[in-house]
Amino acid sequence: MLIAFALICILIGILLIAVGVVQCRQRITDEDLYISADAEIVRIDSRIRVVLVNHLPIITREYRPVIAFIAENGESITSEGMPWAIKADPECAELMRMFDTNTPITVRYDPKKPTEIYYRSRKSFRYRELVYKIIAASVLFGLGLFCLWGNTMV
C-alpha cells in the first residue's frame, strides 16, 4: 500500500513538472505572437471589494483601465481585459497617471482574440508560475522517495 502511494506521488510530481514546462513554453510562445498597438485609456472602472488580510476583512477600492485601440486589420477595439488592481500597485498608479494626462500607451494584443491585451510582458509571471509547480512537484517527488526509502527500512 505504501509503495503504491509512493509511486503515485512520484508520478504526479513528474507529471506536474512536465505539464508546467509545456504550459510555460506554450504561453510564452503565444505571448510572442501578440501584436503591439498604440492605445488610449478611455476610462477607469472602479469597484469596492472586501479582501481578507490576516483573517481581517479589509474594504478596498480596485481599478481597471478600459483600453481602446485600432487592431492591425483596422477594427476598433475597446477592451476591459486588464486586471483589477489597487491604486498602490505601481502599474495601476502609472496607468491612472497616463489616463489623467491623456498619454497614449502601447499594448500587446492577441490577434485571434483582440480583447485579450497586455500592458507589459508577463514572461516573468510565467516563469514564476513554473517555479511554483516545480517546488510543488519536488515536494511530491521527495515524499514518494521518502515513502519508498521508509518501506525498504521496515
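Read-outs throughout are calculated quantities, based only on the coordinates presented, and are distinct from any laboratory measurement. Source: prediction; values computed, not measured. Ideal geometry is used to build each Cβ from the backbone, glycine not excepted, and the neighbour counts take in all protein chains shown.
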At GLU31 and LEU52, where each label point lies 7 Å from the Cα along Cα→Cβ, what is the point-to-point distance in nanometres?
3.0
In vacuo Debye scattering of the chain, one point per C-alpha: log10 I(q)/I(0) at q = 0.09, 0.10, 0.21 Å⁻¹?
-0.49, -0.57, -1.20
Simple spin-label estimate for VAL66 and PHE146 in nanometres, 7 Å along Cα-Cβ:
5.2
Can you give the FRET efficiency to the nearest 0.05 for ARG43 and VAL19, using r as the Cβ-Cβ distance and R₀ = 41 Å?
0.60
Mean residue ellipticity at 222 nm from the helices of the chain, using -39,500 (n - 2.57) per DSSP H segment of n ≥ 4 over the full residue count, to the nearest 500 deg cm²/dmol?
-17000 deg cm²/dmol
Evaluate the range 37-109: find the radius of gyration of its Cα atoms, find its Kirkwood radius, and give the ratio Rg to Rh.
1.07
